[in-house]
Amino acid sequence: MKWRNFIAGMLLVVTIPHAQAQQQSKVYRLAIAAPSTPVIEMKEESGHSVHQPLFEELKRLGYIEGRNLVVERYSGDGRSENYPELARRVVHSMPDVIFVMTGRLTRHFKQATAAIPIVALTGDPIALGLVNNLARPDGNITGIVVDAGKEIEGKRIELLKEMVPGASRLAYITPQVMWESRFGAEARDAARRAGLSLLGLPLESPIQEAEYRRAFASAAAADVAGIIMPDIEEHVTYRRLIVTLAEQARMPTIYSYRQFVEAGGLISYGVDLSSLSRQVANDIHLILKGAKPGDIPFQLPTKNELIINVTVAKALGLTISPSLLARADKVIE
């Protein structure tokens, strides 16, 4: 009896570490796809406002690239005509989960697969036709919504008008497909309600440096009082160029994310991208642990943050009212 107990104990000692080792040796495959972000920026070390916090949170959850996580990175290079083929290539590689940036790109992944789990960082997923229900998406797509509601553009227009009181005409720079969609229509309606006209400056594919230079040159030639840069992934990719062009044109510009203001932009109003990216990592974690995307609700932003760079305002000759400064979540001196 004692001998049998000894053998059983030895088996227990050997079996438990073996089971733990098997669990720890599981290697997961994550694919990341973005419309324009270069693959070199899809890393923790890049300082990118989405990818750095994403990988920091994945690491905190126990996923280490090169150890138990393989990451495949894909970029559309700002060429929307390449999106269908990009989606097919990613799906063909059969990763465990796909992280896709923007609803425009996610729609192509929805067409390419109904089986591989997808986590999307997107605008309104219902308006984009990705899901029918945010609380229970049902299919293979879930994610985080960066669109803070259709009122957001109206709020940005009001803020820019408050900073430039004499403004009567603003420019709106966005991809052609977005300008022609309901998002562009909502921006135009918001401008009319504010008593302003809105000049659309649609970006054509490929959305790269030359297109931004053309758009800003057109804005300057049209003599607009300011520019609105909505929450578009391509804008984040070219954030430093955009801020430089706005500075060179001495053009008051409102952005969607704080990263633009921290890079030298005037003002931003929108969600905290870093926080939402950490939520993306948590959705990926849930899926890798067995959860179905259709059972994971889309998460909505709960707060918009207002960031103002007073140094840039002074350089542009703008006077910021005390009430506007008081409403700011952060003021950069």
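The angle separating the long axis of helix 51-60 from the principal Cα axis of greatest extent in the chain is about 30 degrees. When both region 67-94 and region 184-255 are represented by their alpha-carbon centers, they are found 28 Å apart. In order along region 272-287, the Karplus-derived 3J(HN,Hα) couplings, from 6.51 cos²θ - 1.76 cosθ + 1.60 at θ = phi - 60°, round to 8, 4, 4, 5, 5, 5, 5, 5, 4, 4, 5, 5, 4, 4, 4, 5 Hz, and Gly and Pro are given as x. Put the Cα centre of region 104-162 next to the Cα centre of region 262-305 and the gap is 11 Å.
Cross-link reach is defined here as a Cα-Cα straight distance under 19 Å, omitting same-chain residues fewer than 8 places apart; for Lys150 the aspartates and glutamates meeting it are Asp124, Glu158, Glu180, Glu186, Asp189, Asp231, Glu233, Asp272, Glu305. How charged is the neighbourhood of Gly47? Take every other residue with its Cβ under 12 Å from the Cβ of Gly47, and add Lys/Arg as +1 and Asp/Glu as -1. Neighbour charge sum, excluding Gly47 itself: -2. Ranked by how many other Cβ atoms sit within 10 Å of their own Cβ, fewest first, the residues Leu86, Leu266 fall in the order Leu86, Leu266. Here each label is just a point 7 Å from Cα along the line to Cβ, and for Arg182 and Asn68 those points are 4.2 nm apart. Amide H contacts of Val271: Glu305, each under 5 Å away and 5 or more positions distant or on a separate chain (H built 1.01 Å from N in the peptide plane; Pro and chain starts excluded).
Full extension from Arg29 to Glu158: what is 0.36 nm times the residue separation minus their Cα-Cα distance, to one decimal in nm?
So the chain would gain 42.0 nm between Arg29 and Glu158.
Placing unit charges on each Cβ (+1 for Lys and Arg, -1 for Asp and Glu) gives region 232-283 a dipole about its Cα centre, and among Tyr269, Val243, Gln279 the Cα reaching farthest toward its positive end belongs to Val243.
Going by how many other beta carbons lie within 10 Å of each one, how would you line up Asp283, Asp147, fewest first? Don't skip to the answer; put the middle values down first.
On the way: Asp283 25, Asp147 21.
In order of increasing Cβ crowding within 10 Å: Asp147, Asp283.
Based on Cβ point charges of +1 for Lys and Arg and -1 for Asp and Glu, what charge dipole magnitude is obtained for the chain about its Cα centre, in debye rounded to the nearest 20? Numbers along the way, then the final one.
Details: 38 positive and 36 negative charges, 160 e Å.
Dipole about the Cα centre, nearest 20: 760 debye.
For a footprinting-style exposure proxy, rank Leu288, Leu241 by other Cβ within 10 Å, fewest first.
With the fewest neighbours first, Leu288, Leu241 line up as Leu241, Leu288.
Each reported figure results from applying straightforward, stated rules to the coordinates on display, with no laboratory input. Remember, predicted model here, so these are calculated numbers, not experimental data. Heads up, the Cβs are rebuilt from the backbone with ideal geometry, glycines too, and the neighbour counts pull from every protein chain shown.
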